[in-house]
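J.: Dropping a structure here in C-alpha cells format, bear with me for questions.
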Amino acid sequence: MLLLLVLIPLAAFLAILCGAPARKTAVAAGWANLALGVWAAFSFNAKIWGISLPVLAKPALHLSLAMTDGMSAIMVLLSVIVTLAALLSGKAPEGKETLYYGSSLLISAGAIGAFAATDLFFFYAFHELALIPTFLMIGILGRGDRKEAAWKITIYLGLGSIILLAGLVWLASITGTFDIPKMVDFVKDHPIDAASQKGIAALLLVGFGVLVSLFPFHSWAAPAYASAPAPTSMLHAGVLKKFGLYGLLRIAIPLVPEGMQAWLTPLLVLLLGNILWVGLVTINQKRLDLMLGNSSVMHMGYIFLAIAALAASHTATGFTNTLGQPAAVLLMFGHGISIAMLFGLADKIERSTGTLELTDLGGLAKSAPGLAFMFGMVGMASIGLPGLANFAGEVLVFLSSFQNYDPSKGLGPVQIACILAIWGVVISAIYMLRAYRNIFQGPQVKATTDSADLTLADRIPALILAIALLAVGLYPNLLLNLLSLK
C-alpha cells in the first residue's frame, strides 16, 4: 500500500505527459495522496504499509518502503499536506502546464520515497529524483536571475550529494548491507571504530548540511527560493530540505554517534551562524521572497540544535536525551507547513500587486483583509506564537538543550548555544513584524489600491496549511504520540 504514495504522483505525471488535463490530474492525485498519507501516518505500524521488492541480487538492493517509526510517518504526512497545497497554489504560465504540474508531482514522489525508503540506495536515489525537476522549474519557469540561481543550486546540491554519497558508501562497505534497519542492528553488535566514525560523520554532516543549507553552505537557498515558482519553493523549502535533517536522525545519529559527538563543537558554531548571522541578513532584506528564503535558512539552525543536543547525550549505554529527536521532528513539521504557506501567500501578493519589494507595498489589508489575516497568522507561527506548531517545536528544542543540564558542572556547550540561539526569536519578530507592517498596514499605495483579496481557490490551500498549524500547535501530542509508537 505504501508504494501507492509514490506511484500516484508518478502515474499522474505520466497521464499529464499523455495529454490529460494537467491541473485537474495533478490536484486529483494530490487529494488522493493526502487521504492515503493521513491514513498511513496514523496507522504506520500496520503490516499493510510495508513492501520490499528485490531489484538486484549482488549487491543486494531492494525497493523497500516502510514507515519504520513515527518519524518517517510524520515526514510522509508533511509531504502529502504540502504537496496538495502546492498544487492548488500558484498559476502555471500559459503553455507550460505540463512542466509546471508534472515537475511538482515528481518532487513530491521523490520526497515521499526518500522518507519511506529503508534501503540506503533508494533513500539516496529518491532524493536525487526530486532534485532534477527542482532545477528545471527554477531554470525554465523561474523569475529574476533564474538561470544563475538554477546553476548555483545545481552546483551546491550536486557537490553536497557527492560528498553525502561517499559517506553512505563508506557506511555500506563497513556494515555489508544497504538495508538501513540491518545496518543499525549491525553496529549494535559491531560498533564502528572511532576514527572511521569521525570520518563518516564529517562526510554526512557536510553532505546533509549542504542539502539543508547549514551555514556557511547556505548561500544557494534564498536566491533559489526567490527565483522559483511558488509550488517549487513550497515543496523544496517545506519538504525536500528536511531530507538532510531526517538523514542525520535516521543515519548519522544511530550509526556513527561517537563521530557526531566528536564534531559537536563545530556543529554548534555553524548552527549559531544559521540563527544569528543569517538572521541578521534576513533583517536586511528588502524583498519579501528573499526575506522568506533567508528566514527558512535561519530556522534550520534550531533543528540542528536539537540534533546537537541529542548527539551530545550519547553514552556507552545509548542516548540519554529523550527530547532531542521529538523536538527536531516536531519543528521540522511546523516549519515545513509555515514556510510553505508563506511562499504560497507571497506568490498571491506578487500576482495581486505586481511586486514583492517591501518599500513598494503598503495598506494591502484594506483591499485584501483575508490575505492579511492568513499572512498574519502564519507570520506569527514563524515567530513562534503559542498555539501554533512552530512554538511547540521551538520550546521542545530549548528544553532538549537543557535536559541533561547539571548546575553543579556549569553551562555546557549545548546550553551556551541554546542561550545564544534564543536571540533568534527576537530577530524573527523584528523581520516578520516589519514585513507585515510594510505590506499590510499604513496608507495604500499604487500597487495595492486595486488589489484583489484571496479567492475561494486561494483560500483552500491556505486553510489546509493553517489547520495543520493549529491542530499541531494546540495539541502537539497529535504527532508526539506517533514518535512513541513502534
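J.: Can you pull out every residue in segment 399-428 that is over 20 Å from VAL378 (Cα atoms) and either in contact with an Asp or Glu (Cβ under 6 Å, 6 or more places away or on another chain) or buried (at least 23 other Cβ atoms within 10 Å of the Cβ) (or both)?
T.: Within segment 399-428, SER400, SER401, VAL414, ALA417, CYS418, ALA421 qualify.
Here's the yes/no breakdown for (1) closer than 18 Å to LEU292 by Cα; (2) crowded, with 16+ Cβ neighbours inside 10 Å; (3) among the aromatic types (Phe, Trp, Tyr); (4) at pLDDT 90 or above:
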residue: VAL397; (1), (2), (3), (4): no, yes, no, yes
residue: MET432; (1), (2), (3), (4): yes, yes, no, yes
residue: PRO443; (1), (2), (3), (4): no, no, no, no
residue: ALA457; (1), (2), (3), (4): no, no, no, no
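J.: Shifting gears a bit: Going by the conditions given, is ALA66 modelled with pLDDT of 90 or more and buried (at least 16 other Cβ atoms within 10 Å of the Cβ)?
T.: Answer is no for this residue.
Let's see how each residue does on (1) crowded, with 22+ Cβ neighbours inside 10 Å; (2) in contact with a helix residue (DSSP H, G or I) (Cβ under 9 Å, 6 or more places away or on another chain); (3) touching a residue at least 40 places away in the same chain (Cβ under 8 Å); (4) among the hydroxyl-bearing types (Ser, Thr, Tyr):
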| site | (1), (2), (3), (4) |
| --- | --- |
| LEU136 | no, yes, no, no |
| GLY144 | no, yes, yes, no |
| ALA150 | yes, yes, yes, no |
| TYR156 | no, yes, yes, yes |
| LEU164 | yes, yes, yes, no |
| ILE174 | no, yes, no, no |
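J.: I'd like to know if segment 195-212 contains one or more residues that are crowded, with 19+ Cβ neighbours inside 10 Å, of a type in the set (Val, Ile, Thr), in contact (Cβ under 8 Å) with a residue 40 or more places away in the chain and not in a helix (DSSP H, G or I).
T.: No.
J.: A further question follows. State which residue is nearest to the chain's Cα centre (by Cα) when the search covers only segment 256-265 and only residues that are aliphatic (A, V, I, L, M) and surrounded by fewer than 24 Cβ atoms within 10 Å (Cβ to Cβ).
T.: Checking each candidate, the answer is LEU264.
J.: Output the residues belonging to segment 386-402 that are under 19 Å from GLY238 (Cβ atoms) and aliphatic (A, V, I, L, M).
T.: Passing the criteria: LEU388, ALA389, ALA392, VAL397.
J.: Give the number of residues within segment 150-203 that are modelled with pLDDT of 90 or more, small (Gly, Ala, Ser) and under 20 Å from the mean Cα position of the chain (by Cα).
T.: Residues meeting the conditions: 3.
J.: Report the residue count in segment 91-117 for those that are touching a Pro at 6+ places or on another chain (Cβ under 6 Å) and either surrounded by fewer than 24 Cβ atoms within 10 Å (Cβ to Cβ) or among the aromatic types (Phe, Trp, Tyr) (or both).
T.: Adding up the residues that qualify gives 1.
J.: Against the condition closer than 30 Å to ASN477 by Cβ, touching a residue at least 12 places away in the same chain (Cβ under 8 Å), within 29 Å of the chain's Cα centre (by Cα) and part of a loop (DSSP other than H, G, I, E, B), how does ASN390 come out, does it pass?
T.: Here the answer is no, as ASN390 does not meet what is asked.
The values are calculated or read from the model by the stated rules, or taken from the named source; none is laboratory data. On a predicted model such as this, the values are computed, not experimentally measured, just so you know. Neighbour counts are summed over all protein chains in view; Cβ atoms, including those assigned to glycine, are modelled from backbone coordinates with ideal geometry.
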